[in-house]
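Asks: Let me give you the structure first, and then I'll get to my questions.
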Amino acid sequence: MFLKKSTSIGETGDVRFINGRVSMQSVKLNVHCFETDGVLIDTGSQSLLNEFKPFFAQADVDKAVITHFHEDHTGGAAYLQQAYGLPLFMNEMTIEECKQKADYPLYRRLFWGKRRPFHAEPIGKTFESRSATWDVIETPGHAKDHLAFLNRETGQLFSGDLYVHPRTKVILREESIPVIIDSLEKTLTYDFGELFCCHAGYVKNGRKTLGNKLNYLQELQEKTYSLHKKGYTEKEIHSELFQKKYPITLFSFGEWDSIHIVRSILNG
């Protein structure tokens, strides 16, 4: 198996970004990190580190903030700390975990590399950049420690993996759709416009787009409840709502699967 890699660098207004892509056979994944107002948001993956180093070298930043501990967001953290002495900030919940050697399945190490240990500081409820105050919004569901960051001055929301796709079809085994719904509802109480997603990239009308995702998940939840009340089993509901099979399900040995959507709703 051969891992193909590519990157692109761009700017949208005052936000500079890099998008790294990795593919193997029919599975294609990508991840962004962003630079704005002296802040780096997320650090990419270990597997893309060499491709991201020129972007990091040109970045004019005072700190890095991390949306969550997954390896495609923290893979460059140790390098940035060691090469530049860059302070790292994240949810206190997973700081100790990130000080240890990473432990996750082989297929994820193939795509994203093995995240090296690093030391971060608790981010708190807000933080300051060069010209703005930022809200730190707790948005669990995709990951237990997931955070979104809102620049109060510009109304730009950096949403980590809260958005990703308007119509979610597969999730990780440990994800929870009801918790994601709560996080979307919470985030939509804030005043924001543009959205920067670590996988989808720049989304101009972020509020509308995030609202559309919330509506989709709420409808999906109601359909699941309705079928369950009619006596459908978990597997029958899954077959009714998700008829397409996705390569990542087989490749991940079921860690990514649409049945986890149904299961999390019924258990929620």
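Throughout, read-outs are computed from the coordinates displayed, never taken from laboratory work. Treat the numbers as computed from the prediction; the structure is a model and nothing was measured. Here Cβ is always computed from backbone atoms with ideal geometry, including for glycine, and neighbour counts include all displayed protein chains.
Asks: Using a Förster radius of 30 Å, what is the FRET efficiency between Lys144 and Glu240 based on their Cβ-Cβ separation? Nearest 0.05, please.
Replies: Details: r = 30 Å, r/R0 = 0.99.
FRET efficiency, Lys144 to Glu240: 0.50.
Asks: Moving to a separate point now. Which residue, Thr187, Thr126, Thr209, tops the fluctuation ranking in a GNM of the chain built on C-alpha contacts under 10 Å?
Replies: Highest fluctuation of the listed residues: Thr126.
Asks: Taking the Cβ of Asn267 as the centre, find all other residues whose Cβ is under 15 Å away and add up their charges (Lys, Arg: +1; Asp, Glu: -1). Spell out each step's value before the answer.
Replies: Values: positive: Arg173, Lys235, Arg263; negative: Glu174, Glu175, Asp182, Glu234, Asp257.
That sum, taken over residues with Cβ under 15 Å, equals -2.
Asks: For region 62-162, compute the orientation-averaged projected area of the C-alpha convex hull (one quarter of its surface), in nm².
Replies: Values: hull surface 25.9 nm².
Average projection, Cα convex hull of region 62-162: 6.5 nm².
Asks: Going by amide H atoms built from the backbone, whose H comes under 5 Å of the H on Leu172, apart from near neighbours?
Replies: none
Asks: Can you give the FRET efficiency to the nearest 0.05 for Ser226 and Val164, using r as the Cβ-Cβ distance and R₀ = 22 Å? Mind showing how you got there, number by number?
Replies: On the way: r = 26 Å, r/R0 = 1.17.
E between Ser226 and Val164, to the nearest 0.05, is 0.30.
Asks: Between Leu184, Leu214, Leu110, find the one with the highest GNM mean-square fluctuation for the chain; connect C-alpha pairs within less than 10 Å.
Replies: Leu110
Asks: If the elastic network links every pair of Cα atoms under 10 Å, which of Ala148, Ala120, Ala57 fluctuates the most in the Gaussian network model of the chain?
Replies: Among Ala148, Ala120, Ala57, the largest GNM mean-square fluctuation belongs to Ala57.
Asks: Could you please report the charge total around Gly113, scoring K, R as +1 and D, E as -1 over all other residues with beta-carbon less than 12 angstrom from its beta-carbon? Mind showing how you got there, number by number?
Replies: On the way: positive: Lys5, Arg108, Arg109, Lys114, Arg115, Arg116; negative: Glu51, Glu71, Asp72.
Result for the neighbourhood of Gly113: +3.
Asks: Kindly provide the helix-only [θ] at 222 nm of the chain, computed as the sum of -39,500 (n - 2.57) over DSSP H runs of four or more divided by all residues, to the nearest 500 deg cm²/dmol? Spell out each step's value before the answer.
Replies: Numbers: 10 runs with 90 residues, N = 268.
Only helices count here, giving -9500 deg cm²/dmol.
Asks: Once the other residues with Cβ under 15 Å from the Cβ of Lys229 are scored (Lys, Arg +1; Asp, Glu -1), what is the net sum? Mind dumping the intermediate values first?
Replies: Working: positive: Lys223, Lys230; negative: Glu222, Glu234, Glu236, Glu240.
Net charge around Lys229: -2.
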